[in-house]
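Encoded as structure tokens, the structure appears first; notes follow it.
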Amino acid sequence: MSQPHLFTPFTVDGLALANRIIIAPMCQYSAVDGCATDWHLIHLGHLALSGAALLTVEATAVLAEGRISASDLGLYSDANERALARTLEGVRRHSDMPIAIQLNHAGRKASTRVPWEGGAQMPLDDEAGWQTRAPSSLAFVDGDHPPAAFDRRDLIEVRNAFAQAATRAARLGLDAVQLHGAHGYLLHQFLSPLANLRTDEYGGSLENRMRFPLEIMDAVRSVFPPGKPVTIRVSASDWAPGGWDLEQTLAFVEALEGRGCSGIHVSSGGLTRPACTARAPSTVGSGWPSVGR
């Protein structure tokens, strides 16, 4: 009997994979001040024994304010790095599976309650909440406190934070980095005309809306070791009129390829609520809401 293609080896930008099964990042909302805990050791250690080719650590914030919730994992401090190093040491003691990490900034979808508490935005006067920032001062849903729009200094700070987190990932010996450009988080917010109302060189045209996510790719690729993949997750459609769609996604992917992007993880939705999964991006009606807030 011939071997199914799923179980054949595969190489991505110098990283040899035993098969074509990739464990996607799964938020655990179980960190303390961005630091991994014993929960992460058990969770990741279990997955590392599964026989998949690559394990991806959950969406990990590059800044404290970029966490989806106060319980999100982070890689923005020395304490975060030490805690994750402890977790990875425990996992590697029992598994040689390559490990990647997904780097994220939640933008206007930050500062929320954990999912089992409803996932709503935290009030600004709550000690567990904070002022969110985004491409434009446009709330995710009615009733949310609007984010503060990034100025040029903010853009530099975020770009440097992604690069610093990637540098920490390299020090930790991680085998790949994935940028989170999907599900309505910061990079997706820059891409979509429904969330990006800027009038400077980072808004308006497709070229301008792609500019900041491409700068993030450049910054991360420049510090993460050659021969180790840097990939990105994208939402191929907002499933909303006038939003991000497949045609724009293809243009973005072409630009990413020219910047050394090693692979694309394709998802959809997350920028608006509710969103619809129709048969074609141009068809929007009643349907299932997108996964996540």
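The values are calculated or read from the model by the stated rules, or taken from the named source; none is laboratory data. Computed from a predicted model, the values in this text were never measured in an experiment. Cβ placement follows ideal geometry from the backbone for every residue including glycine, while neighbour counts extend to all protein chains displayed.
Check GLY243, GLY269, GLY203, GLY263 and return the single one that is in contact with an Asp or Glu (Cβ under 8 Å, 6 or more places away or on another chain), touching a residue at least 12 places away in the same chain (Cβ under 8 Å) and over 19 Å from VAL57 (Cα atoms).
When all the criteria are applied, what remains is GLY269.
Scan (1) assigned to a loop (DSSP other than H, G, I, E, B); (2) among the hydrophobic types (A, V, I, L, M, F, W, C); (3) crowded, with 16+ Cβ neighbours inside 10 Å for the single condition LEU197 breaks and write down its number.
All conditions pass for LEU197, except number (3).
Can you go through THR56, THR11 and tell me which one is in a strand (DSSP E or B) and either over 29 Å from LYS109 (Cβ atoms) or among the aromatic types (Phe, Trp, Tyr) (or both)? Explain how you work it out, then say what you get.
Values: THR56 fails: either over 29 Å from LYS109 (Cβ atoms) or among the aromatic types (Phe, Trp, Tyr) (or both).
Exactly one of THR56, THR11 is in a strand (DSSP E or B) and either over 29 Å from LYS109 (Cβ atoms) or among the aromatic types (Phe, Trp, Tyr) (or both), namely THR11.
Can you go through PRO98, PRO9 and tell me which one is surrounded by fewer than 17 Cβ atoms within 10 Å (Cβ to Cβ) and in contact with a Leu (Cβ under 8 Å, 6 or more places away or on another chain)?
PRO9
Out of the residues in the stretch 181-225 that are in contact with a Lys or Arg (Cβ under 9 Å, 6 or more places away or on another chain) and of a type in the set (Phe, Trp, Tyr), state the one that is farthest from LEU256 (Cα to Cα).
Only one residue fits best here, namely TYR185.
Checking the structure you have, find out if any residue of the stretch 239-252 is in a loop (DSSP other than H, G, I, E, B), in contact with a Cys (Cβ under 9 Å, 6 or more places away or on another chain) and at pLDDT 95 or above. Give the derivation first.
Of the residues in the stretch 239-252, the ones in a loop (DSSP other than H, G, I, E, B) are 239-245.
Filter once more, so that each one left must be in contact with a Cys (Cβ under 9 Å, 6 or more places away or on another chain): 239-240.
Narrowing the set further to residues that are at pLDDT 95 or above leaves 239-240.
Checked against the condition, which is being in a loop (DSSP other than H, G, I, E, B), in contact with a Cys (Cβ under 9 Å, 6 or more places away or on another chain) and at pLDDT 95 or above, the stretch 239-252 yields at least one hit.
Looking at the stretch 120-136, is at least one residue aromatic (Phe, Trp, Tyr), out of contact with any Asp or Glu (no Cβ under 7 Å at 6 or more places or on another chain), touching a residue at least 40 places away in the same chain (Cβ under 8 Å) and within 22 Å of SER69 (Cβ to Cβ)?
Within the stretch 120-136, the subset aromatic (Phe, Trp, Tyr) is 130.
Next, only the ones that are out of contact with any Asp or Glu (no Cβ under 7 Å at 6 or more places or on another chain) stay: none.
For the stretch 120-136, residues aromatic (Phe, Trp, Tyr), out of contact with any Asp or Glu (no Cβ under 7 Å at 6 or more places or on another chain), touching a residue at least 40 places away in the same chain (Cβ under 8 Å) and within 22 Å of SER69 (Cβ to Cβ): absent.
Is it fair to say ALA139 is free of Cβ contacts under 8 Å to residues at least 60 places away in the same chain and either part of a loop (DSSP other than H, G, I, E, B) or under 23 Å from GLY269 (Cβ atoms) (or both)?
Numbers: free of Cβ contacts under 8 Å to residues at least 60 places away in the same chain: yes; either part of a loop (DSSP other than H, G, I, E, B) or under 23 Å from GLY269 (Cβ atoms) (or both): yes.
It is true that ALA139 is free of Cβ contacts under 8 Å to residues at least 60 places away in the same chain and either part of a loop (DSSP other than H, G, I, E, B) or under 23 Å from GLY269 (Cβ atoms) (or both).
Among the numbered criteria (1) assigned to a helix (DSSP H, G or I); (2) in contact (Cβ under 8 Å) with a residue 12 or more places away in the chain, which one does HIS183 miss?
For HIS183, the exception is condition (1).
Closer than 24 Å to ALA79 by Cβ, in contact with a helix residue (DSSP H, G or I) (Cβ under 7 Å, 6 or more places away or on another chain) and not in a helix (DSSP H, G or I): is that true of LEU174 in this structure?
Judged against the criteria, LEU174 is not a match.
Could you please let me know if ASP125 is out of contact with any Leu (no Cβ under 8 Å at 6 or more places or on another chain) and at pLDDT below 95? Steps first, answer last, please.
Numbers: out of contact with any Leu (no Cβ under 8 Å at 6 or more places or on another chain): yes; at pLDDT below 95: yes.
So ASP125 fits the description; yes.
In the stretch 127-153, how many are surrounded by fewer than 14 Cβ atoms within 10 Å (Cβ to Cβ) and farther than 24 Å from GLU201 by Cβ?
Residues meeting the conditions: 6.
Please work out if LEU49 is aliphatic (A, V, I, L, M) and buried (at least 18 other Cβ atoms within 10 Å of the Cβ).
On the way: aliphatic (A, V, I, L, M): yes; buried (at least 18 other Cβ atoms within 10 Å of the Cβ): no.
Here the answer is no, as LEU49 does not meet what is asked.
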